[in-house]
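Student: Okay, here's the structure, questions in a sec.
Since every read-out is calculated from the coordinates, none of them should be taken as a lab result. These figures come from a predicted structure and were not determined experimentally. Glycine gets a Cβ as well: all are built from the backbone with ideal geometry, and neighbour counts include every protein chain shown.
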Amino acid sequence: MDFFEVVKKRASYRGPYKDQKVPDEDIRKILQAGIDAPSGMNFQGVSFIGVKDPEVLKKISEVISTPATQTAPLIVVITQKLSGPLVYGMSFNVEDYGAATENVWLAITALGYAGVWMDGMTKAGDNADKIKKILGIEDESIVKTIIPVGVPEKEPVPSEKKKFEERACII
Ligand SMILES: Cc1cc2nc3c(=O)[nH]c(=O)nc-3n(C[C@H](O)[C@H](O)[C@H](O)COP(=O)(O)O)c2cc1C
C-alpha cells in the first residue's frame, strides 16, 4: 500500500475481529516500525510487546473489556522508560511515545489489519499497573497503551477530519 493510502486508511477500529491469527512475521514488522520511530536525542525509551498467547490475551481483555480486546489475536503493548532531562533541561517522553505509537498503528494498517490506540482506557484507574503485572514487568517501565490488532469483521470507517484550510496553510 502506498504510504499516503496507509495514512488515509488508518482509522480507529473498536469492533470484533475475525478468527484469523497474525503471523509472527507481521508481528515483527509491526513492532519494528515502533523501534524505527524517532526519539529525542535518540533516547529510545519506548518498548513494544506483541502478545499472542491466548491466556495472556484473555487476562488483558479482562482488564480492558471491549469487543476488540476480547477477540484480538494480537495485542501490542507499548511501554516506556521515562528519561530525565536530556538536553537544556528538556525531556521528550510524550513526543517519543506518540511518534512510536503512530508508527506502530500505521504498520498495522499497511499490513491490512485494524486497531485502536487505547491510551485513555489503559490510563484509566489502575489498568496500566494491572497489565504490567500480567506481563510480569518488574522494572520501572510504564505501560502506556495497548493496541488490539487483527483482521476486522467490518472495515473501519475513517473519521472525518477538518478541511485542509482549517488546519494547514502554505505560506
Ligand atoms: C492519545 C490518544 C488516546 C486515545 N485513547 C483512546 C481510548 O482509550 N479508547 C479508544 O477507543 N480510542 C482512543 N483513541 C482513539 C481516538 O478516539 C481516535 O483516534 C479519534 O477519535 C480519531 O479517530 P480516528 O483514529 O479514526 O482518526 C485515542 C487516540 C489517541 C491519539
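Student: Kindly put I171, I27 in sequence by how many other C-beta atoms sit within 10 Å of each C-beta, fewest to most.
Tutor: I171, I27
Student: Next question. So what's the back-of-envelope 222 nm ellipticity for the chain, counting only DSSP H runs of four-plus at -39500 (n - 2.57) apiece and dividing by all residues, rounded to 500?
Tutor: Dividing the helical sum by the residues of the chain leaves -11000 deg cm²/dmol.
Student: Would you mind finding the longest exposed-site-free stretch of the chain, with exposed GluC sites (Glu not before Pro) meaning DSSP loop and at most 12 other Cβ atoms within 10 Å?
Tutor: Answer - 1-137.
Student: If you wrap segment 3-153's Cα atoms in a convex hull and average its projection over all directions, what's the area in nm²?
Tutor: That works out to 8.9 nm², a quarter of the Cα hull's surface.
Student: Fewest first, what order do S65, S91, S159 take by the number of other Cβ atoms within 10 Å?
Tutor: Fewest-to-most ranking of S65, S91, S159: S159, S65, S91.
Student: List, in the order given, every pair from K81/K130; K8/K130; K132/K161; K132/K163; K130/K161; K130/K154 whose Cα-Cα distance in the structure shown is over 28 Å.
Tutor: Going by Cα-Cα distance, K8/K130; K132/K161; K132/K163; K130/K161; K130/K154 fall outside the 28 Å limit.
Student: Explain nothing, just the number: relative contact order of the chain, from Cα pairs under 8 Å at least 6 residues apart, as a whole percent.
Tutor: 33
Student: Can you sort W105, W117 so the residue with the fewest Cβ neighbours within 10 Å comes first?
Tutor: W117, W105
Student: Something else about it: Treating only the Cβ of Lys, Arg, Asp and Glu as charged (+1, +1, -1, -1), what charge dipole size does segment 3-153 show about its Cα centre? Round to the nearest 20 debye.
Tutor: Values: 17 positive and 19 negative charges, 64 e Å.
So the dipole magnitude of segment 3-153 works out to roughly 300 debye.
Student: Putting +1 on Lys and Arg Cβ atoms and -1 on Asp and Glu Cβ atoms, find which of V6, G50, I30 reaches farthest to the positive end of the dipole of the chain.
Tutor: Farthest along the dipole direction, towards plus: V6.
Student: Over segment 99-155, one equal point on each Cα, no solvent: what is log10 I(q)/I(0) by the Debye formula at q = 0.29, 0.30 Å⁻¹?
Tutor: Taking Cα atoms of segment 99-155 as identical point scatterers yields -1.10, -1.13.
Student: Based on the Cα coordinates of segment 37-89, what is the per residue volume of their convex hull in Å³?
Tutor: So the per-residue hull volume is 103 Å³.
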